[in-house]
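Remarks on the structure that follows.
The values are calculated or read from the model by the stated rules, or taken from the named source; none is laboratory data. Values in this document were obtained by computation on a predicted structure and should not be read as measured data. We place every Cβ from the backbone using ideal geometry, glycine too, and count neighbours over all the protein chains shown. Note: areas computed on protein heavy atoms with side chains; ligands, DNA, RNA excluded. Shrake-Rupley method; radii C 1.70, N 1.55, O 1.52, S 1.80 Å.
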Amino acid sequence: MHLTQHDQKVDIVLRNQGATDLTLEISDSPEKTINAEPSTDSLEEALDQKLESSLIYSINDRPPWYLCILLGFQHYILAFGGILAIPLILAEPLCIKDNNAAKSQLISTIFFVSGLCTVLQTTFGTRLPILQGGTFTFITPTLAILALPKWRCPDASATPHLNATDSAGLFTDSDETWKPRIREIQGAILVASMLQLVLGMSGLVGMVLRFIGPLAIAPTITLIGLSLFIQAGQKSGSHWGIAALTVCLIILFSQYLSKVNVPLIAYKDKKWKVFQYPLFKLFSALFGMCGAWLICFLLTYFNALPSSPKEYGYMARTDISLKAVTSAAWFYVPYPGQWGLPTVSLSSVLGMMAGVLASTMESIGDYYACARLSGAPPPPTHAINRGIAVEGIGCILAALWGSGNGTTSYSQNIAALGITRVGSRLVLQTAGLLMIFLGLFGKFSAVFITIPDPVIGGMFLIMFGMIAAVGISNLQYVDLNSSRNLLILGFSTFSGLVLPTWFHSNPDMINTGIKELDQLIMILSTTHMFIGGFLGFVLDNTIPGSDEERGIKSWRKAVHDGTQTHSTDLSCYDLPFCTNFVQRFKLLQYFPFLPSLKSQEQVTHL
């Protein structure tokens, strides 16, 4: 298999070194050989690679078109599970649990918008090869909003079960039930995302980050995963055996078989080339879900699963939502305002702002990791400001289109840069175009609805647990022998679980006499990540403690470690087609999101 870079041929061939040591050997001439290390086990290990010797394509390189499509589809598959999970989580609180047409349209919309935002971010944002997809930081405030008495779903027992004969006639009434709810979420995301846009365009990002440390970030992100355990339990509980099978398969492929490379053969230049590919590591979630999905299909085919909806295990059947595929349109084009005009309420907007701030903090760390893996220098101030601003624009677009969510940077796709050793911007732009294209096929999106609930539940168990673990990992920089830090961490995390649970159980306890104020208090009090993040932020900045004790110094140093890459040219962050225009008008260089002479000499330090 030959890869072309600046007219140089790079051969990837399989070499045997001893009995078991198999490595990839990359050579651009018979005399010069570079031995690449095996694929890394984690993002942290990937960041420690020597990029000078491992990158096949860096950020500005343009791989062949067929390689762009192949690697772009790989990024699409890696983000598939995270993006798909969001409409499946929102289906029940949006009251579309039995409305397969609405679920299919939501899936198409979120994939379409994620592709659109990826193209915007890689072209006009940070210009780093970073994929944008649905964010779980918006899930918690969304669930808090939909839990208000005003937006609770009608009693299911009073609604006839939608079967093959009467579902079409009831879709109109069903639309009147769920569309006002998603319009409320659209309005909240639309206005709250203005904050992210202002933070980026004004350059306030650096100022805000100066007061945020690991003790504020850890409970915020951890509670995102912990607060979703009810959804994971409900899906998994429909058949614990299938859910356990899904978990075991994902763990098998992602951990036990992660170092097993599969030999593949490619024919090029009249030669057969054998190369090793980390197939199990890259597609572990996909293989795990598809394996369990196949088992459910076989059990359904041989009628080994219950056929009555009242029997335990019925939700593991694959033919429950089969009509969703046959009735779905071949093509579905999402468009702005497809659910109607968004509605805005102050309480919903303020609750959603907690998700916006958490998403912003998460993305900035992703920018540095992506730069280091793509062969780019650390991102300068204007690139980070512009990236956050474009993420705000992406969330606004997601609200206008009605995806029910916003967009953020995906860490798993950044890790894939270190595994594939391809950091080209063009590959991620191709991935964005593929997501837009595949989002237009209605039947393709409807296929995902047939995934049984316990398979989705098993995926949730892994995914939500990983989100919680990512939040906990921020504590590696903190002095955990300090009673100050233990108090802040324990109180903020525990309160983030206790208070929302109590307020959910006692919604009538809030009665100020002002309906809007009651809703605001209810949403903020039932948003786990807001409670934990707010308490962690306040206590960490008011209780005396040194930067070393708080983990501030170690955290900032870790962001900038390993920034020696093979490229020191900041021009990769310049906006396309307007560099000369910006340099000609000196006034434009004072805008914090545009390149300036000062930014060419300095990079952002948190």
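To the nearest 0.05, how large is the calculated FRET efficiency for VAL538 and PHE577 if R₀ is 35 Å and r is the Cβ-Cβ distance? Numbers along the way, then the final one.
Numbers: r = 45 Å, r/R0 = 1.28.
E between VAL538 and PHE577, to the nearest 0.05, is 0.20.
Can you divide the C-alpha Rg of region 372-456 by 2.2 N^0.38 Å and report the result to two decimal places? Could the numbers behind the result be given before it?
Numbers: Rg = 16.2 Å, N = 85, 2.2 N^0.38 = 11.9 Å.
That ratio works out to 1.36.
In terms of distances greater than 31 angstrom between alpha carbons, the cross-link table entries LYS235/LYS323; LYS235/LYS557; LYS235/LYS281; LYS179/LYS235; LYS179/LYS310 yield LYS235/LYS557. Taking amide hydrogens as placed 1.01 Å from N in the peptide plane, the amide H of PHE441 sits under 5 Å from those of TYR332, each at least 5 positions away in sequence or on another chain. Couplings 3J(HN,Hα) of region 120-130, computed from phi: 5, 5, 6, 9, 10, x, 5, 6, 8, x, 10 Hz, in residue order, whole Hz [Karplus 6.51 cos²θ - 1.76 cosθ + 1.60, θ = phi - 60°; x for Gly and Pro].
Computed about its Cα centre, the charge dipole of region 47-134 is approximately 140 debye, with only Lys, Arg, Asp and Glu carrying charge at their Cβ. Note on ASN481/LYS270: beta-carbon distance plugged into 1/(1 + (r/R0)^6) with R0 of 51 Å gives a FRET efficiency of 0.20.
Can you pull the Rg over Rh of region 258-381, Cα-only, Kirkwood?
Using only Cα positions, Rg/Rh for region 258-381 is 1.12.
Each residue of region 74-88 is assigned a 3J(HN,Hα), and the resulting list reads 4, 4, 4, 5, 4, 8, 4, x, x, 5, 5, 5, 5, x, 6 Hz, derived from the Karplus form 6.51 cos²θ - 1.76 cosθ + 1.60 (θ = phi - 60°), x at Gly and Pro.
Using a Förster distance of 25 Å, how high is the FRET efficiency between SER307 and TRP240, based on the Cβ-Cβ distance and rounded to 0.05?
Numbers: r = 20 Å, r/R0 = 0.78.
So, using R0 = 25 Å, E works out to roughly 0.80.
Summed over the residues of region 391-534 and divided among them, the accessible surface reaches 37 Å² per residue at a probe radius of 1.4 Å.
Here region 234-391 is assigned +1 on the Cβ of each Lys and Arg and -1 on the Cβ of each Asp and Glu. Its dipole about the Cα centre then comes out at about 600 debye.
Computed from phi, the 3J(HN,Hα) profile of region 355-368 under the Karplus parametrisation 6.51, -1.76, 1.60 (θ = phi - 60°) reads x, 5, 5, 5, 5, 5, 4, 5, 6, 5, x, 5, 4, 5 Hz, with x in place of Gly and Pro.
Kirkwood hydrodynamic radius, region 67-111, all distinct C-alpha pairs: what's the number in Å? One decimal place: 11.5 Å for the Kirkwood radius.
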